[in-house]
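Below: one structure in structure tokens.
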Amino acid sequence: MEKERKGFWETIAFNRRNFIKLLVGGAVGTAVSPLPWKLTDDIAIWTQNWPWVPVPDAGEFSYAKTVCTLCPGGCGVKVRKTDNRPIKIEGRTDYPVNPGGICPLGAGGLQVLYNDNIRFPGPMKRVGPRGSGKFMDISWNEALKELAKRLAGLRRQGRPDAIVAVDGNPAGTTTSLLVQRFLKAVGSPNYERIPTAEDTYSMANWLTTGNKGPMAYDLENADFILSFGCGLIEGWGSPGRVLNAWGLWHSNPLARRVKIVQVEPRASNTASKADEWIAPLPGTETALALGLAHVIIREGLYHQGFVQGHAFGFTDWRSSDGKEHKGFKKLVLDNYSPEKVAQITGLKPSKIVSLARAFGRSRAPVALCGRGKGDLNGSLYEFMAIQCLNALKGNINQPGGVILSKPIPLSTWPEIQADSIAQKGLEKPRLDKAQTLQFPFTGSLINNLSEAILEKGKSPVDTLLIFSANPAFTLPDGGSFRKAMERIPYIVSFSPFKDDSALMADLILPDHTYLEKTEDIVWPRGLQYPLYALTKPVTSPLYNTRHNGDTLITLAKLVGGGPAASFPWSNYEQALRERVKGLFESGGGLTTYDQSAPAWKGFPSRRGVQSDYSSFEDMWKKLKSGGLWYYPAHDFGNWETIFETPSGAFEFASSRIELALNELSSRTYLGAALKEMGIRAKGDEVFVPHFEKGPVAEPESEYPLIMVPYTLINLSSTWAPNPPYLNKTLFDNQLRKDDSFVEINPQTASRYGLKQGDRIFIESPKGRIAVRVNLFEGAMPGVLFLPLGFGHRAYDAYERNKGANPNDIVNAGKDPISGHPVWWQTRVKILKA
């Protein structure tokens, strides 16, 4: 295996340019050229008999502006209409996030709207076996009364904690807060979220900077992009914005000032188009980041003013009990030399040194984190190590760097009116153990919820409510949540789609799609300045659906008591409008965008923004019309006051980890406390970013290969269904009829006697999946790469039973401290079909 990997890196060094042209140039061109957007000409012939294709009526053309919410990117779109019928989606040029750009998924939004094969026509009740997809129509009145009666009954029994909600709405949005509020009002502490890279980033940022603001990078003004697995041209962040930034970085090939380095073990489109591709062994990115830090520190390439004046734990430090501790500098210099890191990562020491020098000598370098599209969680220590690279260069709250900001100034609602039932229910422990001494910084742990259900004879969950999520498909848990759902007595899906989780529900209360409703977007993922957006209905609802927000408000009133009192609004828009008042009261912000003056251009020098509205009613009217409020200015620097850590500085050694560990160890001995938090390190390394081998339990002799899932820009791998037209953009070595493909290096394939197109099984202790072989020089030897997004058990004939879902065989351990699943490295073996 080591010989194969050595040959792999030599191949990269020897003929990388030709390799990229030959093997992935076509795929990259598809991702960043107009091809997917223009395929509709060919698709018109292919799909002419589909009844849900938006065939234009005769009538006058018009446009409606709105915002896409098929991913957290929040790109502005305009919908072309004929006689009030939407027929085409394009990117908006009067919107700052994605100036005119749009990704393939966003362009296909109309197929999500019109496809009656994947949408529920109205409220429905299960009449067949669970998972069979057999439902009967039911009125909204009947459905809501049935659910309210069940919830009220659990409250009367003193069991409100047996109610669980799984929420896939972006954090901080009004619908998400209504879900959270509803659960709290009925008296359940068991509110669960689908974990994403933003959750890990938020936790890492909280521990290093004390900041609870969003993930924010000033990409357009950076001069060195060091991406740790981020799919920059595969949907990471706001796809329209990042693709536009990529174009800016390459706008003048003869005088380029921005260098892009991609770190990942696979030749993705981003890796292949980057200036340099670094391929470490899967799961060793933390060690690489610390190896870079070693060289930067050793050679004095760090920002000494920042590190000496505004950082804690860089040098040796003393804790509150007077004990001396080794600092980040000493630990990194002792343990992460290029030679030691080379042994961990498989990279050459010289490569580590040269990359560190390039990063360290740049004016405004920024290191990014979040694998693929960022739709799944990352490793906490890895994200902390990457943030420490940014801190070493002093590029925290600086132009071209990491931006620290307060949350968007939305008004808060009054506290819930918790009745005695709710008060007692909220005092009970969470089923997932999140927000406890064991997992003190994690808001929810849905993987632990599955364990809690499966390990007990009777499910502790009686009623499961699912909002804008498909956990039976998207969670990297080897199918554990789907198995847990089989044991839950009553499941309610609020999805508009016949997704994998909805098909297991007992009751369907379908939401509108994003093109049929008003919904808010709170700070699109990765954007460097505050932006609040509203979607606008571009058509009346096509089916008998209701806004989830309105459904929750009605449901609370039917349950009665504290829940009814906690929801004083008559509809969703009233609750939304109450929050928006905070934007007006903040005293600034714009509701219009001038495309001739891109927001990022003046961002480094702009210190304030004069509002373009005269009153709240004026702002509300403009916000609803243009769907936009933003504040493209920032107060840079402020290192003396910006950090809200216990030390008041950027923390290379986390005081909060120390305090949490001290509290936990006060109830047990230190070794047990470390084990409970999932930490394998000893001593002072615990408080600083450090490398730990992944929690792999299965023996390498039985499972000699590693499986790594990856994402594609033209394949939805989250809750949103994939528009059928995107099947036309997939290559026949990605999906052929009903078979998806695994990427295998030819050297590895030869050891198993495999050739292109062979059918095989990939097996882990969690199960097996069937795929075909795609021989790919860009796949690291010994590693199998499988795309996320295939393998649905639901939707229509264009998605159901198409390919295999790698999540079904992920055998995930738990990330230290966060407790989130380590989904990026599962040991597997190959069996011939």
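Mind listing just one residue for me: the one in region 676-712 that is surrounded by fewer than 13 Cβ atoms within 10 Å (Cβ to Cβ) and not acidic (Asp, Glu) and, of those, nearest to Glu234 (Cα to Cα)?
Per the stated criteria, the residue is Lys693.
Considering only region 643-757, give the helices (runs of 4 or more DSSP H) lying wholly within it that have at least 2 residues that are under 29 Å from Gly819 (Cα atoms).
655-665, 670-676
Among residues belonging to region 395-430 that are in contact with a Pro (Cβ under 7 Å, 6 or more places away or on another chain) and assigned to a helix (DSSP H, G or I), point out the one that is surrounded by the most Cβ atoms within 10 Å (Cβ to Cβ).
Here is the first cut: in region 395-430, the residues in contact with a Pro (Cβ under 7 Å, 6 or more places away or on another chain) are 395, 399, 405, 408, 421-422, 425-426, 428, 430.
Right, trim to assigned to a helix (DSSP H, G or I) and you get 421-422, 425-426.
Values: Ile421: 21, Ala422: 23, Gly425: 25, Leu426: 18.
Restricting to residues being in contact with a Pro (Cβ under 7 Å, 6 or more places away or on another chain) and assigned to a helix (DSSP H, G or I), the top hit is Gly425.
Between Gly100, Gly106, which is open to solvent by less than 40 Å² (accessible area, probe 1.4 Å) and not in a loop (DSSP other than H, G, I, E, B)?
Exactly one of Gly100, Gly106 is open to solvent by less than 40 Å² (accessible area, probe 1.4 Å) and not in a loop (DSSP other than H, G, I, E, B), namely Gly106.
Pick from region 58-87 the residues that are among the hydrophobic types (A, V, I, L, M, F, W, C) and farther than 30 Å from Arg525 by Cα: which of them is least open to solvent (accessible area, probe 1.4 Å)? Full working, then the answer.
Taking region 58-87 first, the residues among the hydrophobic types (A, V, I, L, M, F, W, C) are 58, 61, 64, 67-68, 70-71, 75, 77, 79, 87.
Within this subset, residues satisfying the condition of being farther than 30 Å from Arg525 by Cα are 58, 61.
Values: Ala58: 96, Phe61: 115 Å².
Among those that are among the hydrophobic types (A, V, I, L, M, F, W, C) and farther than 30 Å from Arg525 by Cα, it is Ala58.
Using the structure shown, decide if Arg768 is over 30 Å from Arg119 (Cβ atoms), open to solvent by 20 Å² or more (accessible area, probe 1.4 Å) and not hydrophobic (A, V, I, L, M, F, W, C).
yes
The rows are residues; the columns are (1) farther than 20 Å from Thr345 by Cα; (2) buried (at least 24 other Cβ atoms within 10 Å of the Cβ).
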site: Gly229; (1), (2): no, yes
site: Ser238; (1), (2): yes, yes
site: Val242; (1), (2): yes, yes
site: Leu248; (1), (2): yes, no
site: Asn252; (1), (2): yes, no
site: Val258; (1), (2): yes, no
site: Pro265; (1), (2): no, yes
site: Ala271; (1), (2): no, yes
site: Trp277; (1), (2): no, no
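Okay, next question. In region 449-480, what count of residues is obtained for those that are open to solvent by 10 Å² or more (accessible area, probe 1.4 Å), of a type outside the set (A, V, I, L, M) and more than 22 Å from Pro72 (Cα to Cα)?
Count: 10.
Examine region 722-732 for a residue that is modelled with pLDDT under 95, over 23 Å from Gly378 (Cβ atoms) and hydroxyl-bearing (Ser, Thr, Tyr), and state whether such a residue exists.
Yes, region 722-732 has at least one match.
Considering only residues of region 731-760 that are hydrophobic (A, V, I, L, M, F, W, C) and closer than 22 Å to Leu715 by Cβ, which is farthest from the chain's Cα centre (by Cα)?
At the first step, the residues of region 731-760 found to be hydrophobic (A, V, I, L, M, F, W, C) are 731, 735, 741-742, 744, 749, 754, 760.
Filter again for closer than 22 Å to Leu715 by Cβ, leaving 731, 735, 741-742, 744, 760.
On the way: Phe731: 25, Leu735: 24, Phe741: 24, Val742: 23, Ile744: 26, Ile760: 30 Å.
Among those that are hydrophobic (A, V, I, L, M, F, W, C) and closer than 22 Å to Leu715 by Cβ, it is Ile760.
Quick one: which helices (runs of 4 or more DSSP H) sit completely within region 251-339 and have at least 3 residues that are closer than 23 Å to Arg656 by Cβ?
285-298, 304-310, 328-335
The values are calculated or read from the model by the stated rules, or taken from the named source; none is laboratory data. This structure is a prediction, so every number in the text was calculated from the model and none was measured. Note that each Cβ is placed from the backbone with ideal geometry, even for glycine, and that neighbours are counted across all protein chains shown. Surface areas here come from the heavy atoms of the whole protein model, side chains and all, with no ligands, DNA or RNA. Shrake-Rupley method; radii C 1.70, N 1.55, O 1.52, S 1.80 Å.
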